[in-house]
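Derivation of every value follows stated rules applied to the coordinates shown; laboratory data play no part. Please read all numbers here as calculations on a predicted model, not as lab measurements. We place every Cβ from the backbone using ideal geometry, glycine too, and count neighbours over all the protein chains shown.
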Amino acid sequence: MITNEKLRMPIALRRRRGTAVVLAMLFLVLFSALAVGFTIATEMSSQISGNERDLALSRQSAEAGMMFVRYQLGVITLPSGTTNANLLQNTADQLAAATDPQQRVQHGIQYGPGG
């Protein structure tokens, strides 16, 4: 229903009101898109930091394992008569004996808390 007030309004003023509504909707869409983008960026950043933490933990675990094996290889004594043919088997046997929990208790060796 058209009222007298709307008829009295100049055409330019009515067009400005329509333009303001369109601009307000555009800004609403723009800010909504920015909010979604920031949310996605924040989520991706937290995933990346979690992956980097896991990578660092994995690398430290691998380095600790390598240090443990180097130490074990440095302290084992291969039996006399070890040849190239039985070197691997003798080394495996000595490492198994050195890292067996029962052997460690018998020799009084402890690698950390709790045995």
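Figure the gain on full extension for Ala41 and Thr99 (residue separation times 0.36 nm, minus the Cα-Cα span) and round it to one decimal in nm.
Gain on stretching Ala41 to Thr99: 16.2 nm.
Quick one: 3J(HN,Hα) in Hz for the stretch 26-41, Karplus 6.51/-1.76/1.60 with θ = phi - 60°, rounded, Gly and Pro as x.
Per residue, the Karplus-derived 3J(HN,Hα) values read 5, 5, 4, 5, 4, 5, 5, 5, 5, 4, 5, x, 5, 5, 5, 5 Hz.
For Arg59 and Gln89, what does the FRET efficiency come to when R0 = 41 Å and r is the distance between their Cβ atoms, rounded to the nearest 0.05?
0.85
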